[in-house]
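The values are calculated or read from the model by the stated rules, or taken from the named source; none is laboratory data. Predicted model, so just to flag it, every value in this text is computed and none were measured. FYI the Cβ positions are ideal-geometry reconstructions off the backbone, even for glycines, and counts take in every protein chain you see. Remember, those area values only see protein heavy atoms, side chains included, never the ligands or the DNA or RNA. Shrake-Rupley method; radii C 1.70, N 1.55, O 1.52, S 1.80 Å.
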Amino acid sequence: MSMPYRPSIDGLRAVAVLAVMLFHAEVPGFSGGFVGVDVFFVISGYLITSIILKQQATGSFSLLGFYERRARRILPALFLVMTATVIAAVLVVPPYRFTEISESAAAALTFTANIYFWATSDYFATASRLQPLIHTWSLGVEEQFYIVFPLLMIALAAAKRSALGWIFSVLAIISLAVSEIAARHYPDAAFYLPHARAYELLAGVLVALWRPAAGQLPPLAGTAMRVLGAVLIVWPVFTYHDRMVLPGIAMLVPVFGTALMLFADDRDEIVGKALAWRPLVAIGLFSYSLYLWHQPLLALSRLATLDNLDLKDNLVILLLCFPLSWATWHFVEQPFRDARRVKLRPFVLTAGTVGIAIVATAAVMIKTRGLEFMTRPEYVDIRALRESEGLKRVAGIRTNECHYRAGEGSLEDFRNQWGCLGEGPGMSVIVLGDSHAADKAFALRAAGVEPAQMTGAGCAVVPRLMSEECATLFRLAMQRLKDRTGLRILLTQSVTHTPLTAEDIAAAMEFFRPFGRPVVWASPMPAFPNIEDEMARRALAGEDPFTGAYPFGDDAARTARAAMIEVAGAANVFDTQKAFCEADSGASCGAYIGRQLLLVDPDHVSSVGALAIGRSLTSFLFGEAQPAMETAAEAVPVEAAAP
């Protein structure tokens, strides 16, 4: 027994996928395009429940049949895109990135992509733009739902619809509460894990349960529901942003909007006509393939060009996705979904063979670090050095002790154990801010000063960018140090994502004014946006990566420094860029000194870079003359820098 076809649902799918694509392409104005995924979740919950209910009513429901249909729907196009992604990655990315892609491919194939990215990535971080398969996290959530939900429906088969409605309503409320709490204390877990997203899928479940009982709605009511639903979906696409507490209660807006759209009857009114518009419906039909293809094409293009794409390039890539996705839908999705055209046995054999091949390839690449043993010694050496410096930085910024990372423990545990109160001269300064602030604490330690420190990944000090959890951490630290005399606050913030203005600096000064402590600033670092890939490419080509210059950008850093000086005065602003760029005896700003790295990534310092900044920073803070850096060997004694 098939469901009546509703073209408006395909129209709604088209709206959702276009929003996500424009967000990933970084088109201005679509800062909340990621809510398209939440729209998909509600639609999935509605359709799956409707199908199961109809089949249960006729006695035709089969758990194995359900899983077969889901596999036919999801796997063929996914396998094609993943195979193409892996092959393309071999051609355009260095081995270390190929290892990351292989790990995410294996996770996607085992329905655990959301768990993998929860453990390794912040969806909104800059690095995520270069992850070809990061969008498969949503498939992981759906696949986990598809495993559990039919079992619940079987267990509750004897229950009436009204009872099912109450049961799933309670589960949805519990999930929403979990999501809101987790979003505030474990934001990465809330974003990726199914228990914090279940209420979105369950919203669709509830529509499927209640819609038939509502009967035929009055025309005006249906129209009002569609108009309100459209507003509730479109408004977040243009107004939501990555600094919000998400998903939680905030996601109820697009979720409720989608539920209203699904609940309303398909009528001949403005919103219904718009969603049933043939071009939009056509896009909705191959929206799954569009969703699969767009992120690999964008990310691999960025990697191939060292992230030098502009908006026009991104839009051209999106346009290319349409014929490719239509072909995938027509020649792959459609045939494999038809059990008459592709029987179960050949489908299982084909899917199993391709899946095993992808997982085996991924396993080999992970084990061999992207076949690193086949590369040039120069590449092996530069990667080993970068990884070693990365470990030193993790120890130097006191990760999970003084520097909070949401994916590596709970906020509550971090607050309870925090005791980074400083020692000796360092007791007179507390470093507050994000990972760039943590680097300043690292720099002071490299120069022999142990400061007080309360920093967190992404913890902005500017109020308009400051999260609630970071504000809580700052207040906790200042409360613990409220009786300390002579204390100064050292602030800094990355400008990688958002430039800083004089108004921002003034607002930050006002935020910290109630603590009654003098505030000094450290200006931002210059950024070497593609330093890892550029050095890797030189090494893979047999060139010495420690020769020649690497491009860097400092416009945003200079603008921020000027704003800091305008508001706080030059005497209260440390010039980070000057200290960093003069590390190599006054030479032009570079990413290395001798044969030592100054950076572990585009804008975070190595132990050598930390000392380069630390000597000048201690002089700025304490008025002590510091010896000039002469050699890398002097700058980084191995035994002193080991984690």
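Based on C-alpha pairs under 8 angstrom that are at least 6 apart in sequence, region 159-306 has a relative contact order of 25 percent. For the chain, the cysteines with no partner cysteine C-beta closer than 4.7 Å are CYS321. Among SER410, ALA363, GLY424, flag the residue with its Cα farthest along the positive direction of the charge dipole of region 353-474, charges on Cβ as +1 for Lys/Arg and -1 for Asp/Glu. Towards the positive end, the residue furthest out is ALA363. Rounded, prolate or oblate for region 123-192? Axes are the square roots of the Cα gyration tensor eigenvalues, ordered a ≥ b ≥ c, and the cut-off for rounded is a/c under 1.5. Oblate.
A Förster distance of 51 Å, applied to the separation of the beta-carbon atoms of ASN400 and ALA157, puts the FRET efficiency at 0.60.
Rounded to the nearest 10 degrees, the angle from helix 435-446 to the longest Cα principal axis of the chain is 30 degrees. Dipole of region 125-199 computed with +1 at Lys/Arg Cβ and -1 at Asp/Glu Cβ about the Cα centre; of SER162, PRO187, ALA177, farthest Cα towards the positive end is SER162.
Region 364-382 and region 392-469 have Cα centres spaced 34 Å apart. Each helix, a run of at least 4 DSSP H residues, gives -39500 (n - 2.57); summed and divided by the residues of the chain, these come to -19500 deg cm²/dmol at 222 nm.
Across LYS160, LYS392, the residue with the most accessible area heads the list, and the full order at a 1.4 Å probe is LYS160, LYS392. Here ARG376 and ARG341 are evaluated by their C-beta separation; at R0 = 35 Å the FRET efficiency comes out at 0.10.
Where does the charge balance sit around ARG517 when Lys and Arg score +1, Asp and Glu -1, over other residues with C-beta under 10 Å from its C-beta? Every neighbour counted, the sum reads +4. A straight Cα-to-Cα reach below 20 Å connects LYS392 with the lysines LYS440, residues fewer than 8 places away in its own chain not being considered. The simple spin-label model puts a point 7 Å past each Cα toward its Cβ; for LEU217 and ASP413 those points are separated by 4.5 nm.
Only one of the values (i) -0.32, -0.45; (ii) -0.50, -0.66; (iii) -0.38, -0.51 was calculated from this structure for log10 I(q)/I(0) by the Debye sum over Cα atoms at q = 0.06, 0.07 Å⁻¹; name its label. Only one option fits the structure, namely (iii). What is region 235-383 by shape, rounded, prolate or oblate, if you read a ≥ b ≥ c off the alpha carbon gyration tensor as root eigenvalues and call it rounded for a/c under 1.5, prolate for a/b larger than b/c, and oblate otherwise? Because a/c hits 1.5 or more and a/b fails to exceed b/c, region 235-383 counts as oblate.
Taking Cα atoms only, the orientation of helix 502-512 departs from the longest principal axis of the chain by about 80 degrees. Summarising the label geometry, the points placed 7 Å from Cα in the beta-carbon direction at VAL92 and LEU306 lie 1.6 nm from one another. The gain in end-to-end length when the THR498 to GLU510 segment is fully stretched comes to 2.4 nm, 0.36 nm per residue minus the alpha carbon separation.
Within the shell defined by Cβ-Cβ distances under 10 Å, the residues around VAL380 carry a net charge of 0, with Lys and Arg each +1 and Asp and Glu each -1. A simple spin-label model places pseudo-atoms 7 Å from Cα toward Cβ; at ASP266 and VAL348 they are separated by 3.5 nm.
Hey, how much of the P(r) for region 417-520 falls beyond 24 Å, as a percent of Cα pairs? More than 24 Å apart: 16 percent of the Cα pairs in region 417-520. Taking square-rooted eigenvalues a ≥ b ≥ c of the alpha carbon gyration tensor, is region 212-297 rounded, prolate or oblate, where a/c under 1.5 means rounded and, failing that, a/b exceeding b/c means prolate? Cα axes put region 212-297 in the oblate bin. A Förster radius of 25 Å combined with the Cβ-Cβ distance from GLU423 to THR472 puts the calculated FRET efficiency at roughly 0.50.
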